[in-house]
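The values are calculated or read from the model by the stated rules, or taken from the named source; none is laboratory data. Just so we're clear, the structure is a prediction, and the values are computed from it rather than from any experiment. FYI the Cβ positions are ideal-geometry reconstructions off the backbone, even for glycines, and counts take in every protein chain you see. In case anyone asks, the SASA skips ligands and DNA or RNA and just uses the protein heavy atoms, side chains included. Shrake-Rupley method; radii C 1.70, N 1.55, O 1.52, S 1.80 Å.
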Amino acid sequence: KVDMLDGKNWFEEKVIAFKPNEALAFQLTDCSFPIHGLTHSYSFEKIGHQTTVKQVMEYSVKFGLLGQFLDFIMIRKQTNSGIQKFFEGLKEYAEKP
């Protein structure tokens, strides 16, 4: 379980695939967000002295049409922003001497 810094939101997830230096995948099992069925998978490809990381995220929203509207106006933007921050942090960590 991960408690978010805002003190209100949280999520639980489990690892569903792991191949060292090749792939990693998680599945959301529960959360405070209006989404369910979320999976995110990562693949890693080493090219010379660099590693390319690719992510695929799939999810569906709770609350029917209201959830789809929230996804359109807010959830997707926040998800994209979170992914970008994750990759920036990963890059910073990997490039530290």
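When residues in segment 18-37 are screened for being within 14 Å of Met57 (Cα to Cα) and at pLDDT 90 or above, 6 of them pass. Listed by first and then second residue, the pairs with beta-carbon distance under 7 Å, at least 6 apart or on different chains, first residue in segment 75-97 and closer than 19 Å to Val56 by Cβ, second part of a helix (DSSP H, G or I) and aromatic (Phe, Trp, Tyr), form an empty list.
The residue that is most open to solvent (accessible area, probe 1.4 Å), among those in segment 5-41 that are assigned to a strand (DSSP E or B) and farther than 26 Å from Gly64 by Cα, is Phe18.
Scanning segment 42-70 for residues that are among the basic types (Lys, Arg) and either surrounded by 14 or more Cβ atoms within 10 Å (Cβ to Cβ) or in contact with a Pro (Cβ under 9 Å, 6 or more places away or on another chain) (or both) turns up just one, Lys62. Sub-7 Å Cβ pairs linking a first residue in segment 38-58 that is of a type in the set (D, E, K, R) to a second residue that is loosely packed, with under 10 Cβ neighbours inside 10 Å and assigned to a strand (DSSP E or B), at least 6 apart or interchain, are Glu45/Thr52, ordered by first then second residue.
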